[in-house]
Structure formats: structure tokens, C-alpha cells
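Values quoted throughout were computed directly from the atomic coordinates according to the rules given, and no laboratory measurement underlies them. Keep in mind it's a predicted model, so treat the numbers as computed, not measured. Cβ placement follows ideal geometry from the backbone for every residue including glycine, while neighbour counts extend to all protein chains displayed.
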């Protein structure tokens, strides 16, 4: 487990979460149900007798072997912990686009969609028409899974923190940000100049890193679970932040 503490904020002092609440923001799961189980157990032990909220940063589906199992877990968590926040990732967007227009978004299959199809028992995949694969997925996917995916939110704010899957376009107010940027942006966000940065510290995933990154104004917790076996959360409480990882 990683446990380095940080107390960083700009000239106005340390960033804060409201008193009496601990936030756990969880990076990209990507179909790794076993690792998600492990991290949720670590969090449960860490948060014992502490009021807390989970925030998932998107990319629950694709690449890993058990997208169906992950969505089963998250749908159940939505029932048992209804204040949990589930953000939308670019992979959820692609999956929904494939269901709506399979020929126009065939690239989803090469981005881990084939593993998602297999997790729902759909095979063979190679050589089949995209439309037929989409039809099979609609038939095999529980209605609760589709409802969950269709009701994901794009951003969430807690105290001095803003949570989003990928990041923000520099110099654009939050209300004017486009969904495409919130789900897909990388370099322009990472290289944002000081004058363009938002007032809140941005917590995001989307960009796989070997170790979680805290550069003061943004925090990246995507540690590439489907490749590394490490799923990471940042724990935010008061003015402190620390990382927890499988």
C-alpha cells in the first residue's frame, strides 16, 4: 500500500475537503473485477468508523477480462452506498456509441471492446458483422448495466477538488467544457499553464502512470490496473491526501 501524505494548494493555502468527510477517488478499473474487490476491501478497512464517499473516475469497461463482473459490482455498490459518485470515461462513451452505431465506432473492438464482449459470453467475435455483435451485446447485457452506463456523470466537485475522467481544456470555464475534452484530453491539459489552471485541484484518471502523480494542481490515479495489477485511489481528508493501492 502507498501512503505518502501531501498538503499542497496554491497561494490561498492547503486544499480542503469539508470537515467530517473522507473521499476516496478510484482510478480506471478496466474490467479487473478481482483487483477492484481487493481495493474496496483495503478501503473498507482504512475507512472503518469514518464517514466517507467513493468517487469512481470512469473507464470501468474494456481491456480487462471481466467487464460484466465489474459492472455487477458497481451496480450493487450503487444500491448499498447510494452517495457513491460514478463518472463517465471515454471507454464507456465508446461502448455506448458502438451499441448505437456499431459500424461508425468499430474502433471500440480494438480498444478492448472484444474483451468486454467475451465477458458477456459473446463469441466468436472475429469475422462477424459489427451490427450482429452489437445486437448480441444488447441481448446479453442486463438492463441495470445499460441504465448504469447511460446515467454516468461527467464531473463532480467536493470542497477544493474537481473530479473528472481525463481533464479540462485550458482556459475554458467548467460549464463551457465539451464532453469530448472531459473524456479524452491529455497533453493540452497536462501542460496547462499556470494562468489557465482552474481554481480547484483536478483529480483524474485516463493517463496510465507507473505510480500515482500529484503535481499540486492535478492528481492522476490511473496506475494501469489491467496491465500492472495495481488499482489506486487517492484518499482526501481535511487538507491531507494520500494514495492507497492494491
| field | CD proxy at 222 nm, helix term only [per DSSP H run n ≥ 4: -39500 (n - 2.57); per residue of the chain; nearest 500] | value | -9000 deg cm²/dmol
| request: Return a whole-number percent for the relative contact order of region 165-246, with Cα pairs under 8 Å and 6 or more residues apart as the contact set. | output: 20
| query | Can you give the Kirkwood hydrodynamic radius of region 8-82 from its Cα pairs, in Å with one decimal? | reply | 13.9
| field | Highest average packing first - 174-186, 194-206, Cβ atoms within 10 Å | value | 194-206, 174-186
| query | Shape call for region 183-237 from the C-alpha gyration tensor, a ≥ b ≥ c root eigenvalues: rounded (a/c under 1.5), prolate (a/b greater than b/c) or oblate? | reply | oblate
| message | As a test, work out the antiparallel percent of DSSP beta bridges whose residues both lie in region 68-214, rounded to the nearest 5. | response | 50
| remark: Taking Cα atoms only, helix 130-140 is inclined relative to the longest principal axis of the chain by an angle, in degrees rounded to 10, of 70
| message | Pick from 96, 146, 168 the residue whose mean-square fluctuation is largest in a GNM of the chain, springs joining Cα atoms under 10 Å. | response | 146
| query | Mind ordering 230-237, 210-217 by average Cβ neighbours within 10 Å, highest first? | reply | 230-237, 210-217
| field | Relative contact order (%) - the chain, alpha-carbon pairs under 8 angstrom, separation at least six | value | 30
| Mean-position separation - Cα centroids, region 74-99 and region 19-58, in angstrom | 15
| Can you list the equivalent-ellipsoid semi-axes of region 122-161, largest first and in whole Å, using the square root of 5 times each Cα gyration tensor eigenvalue? | 33, 12, 7
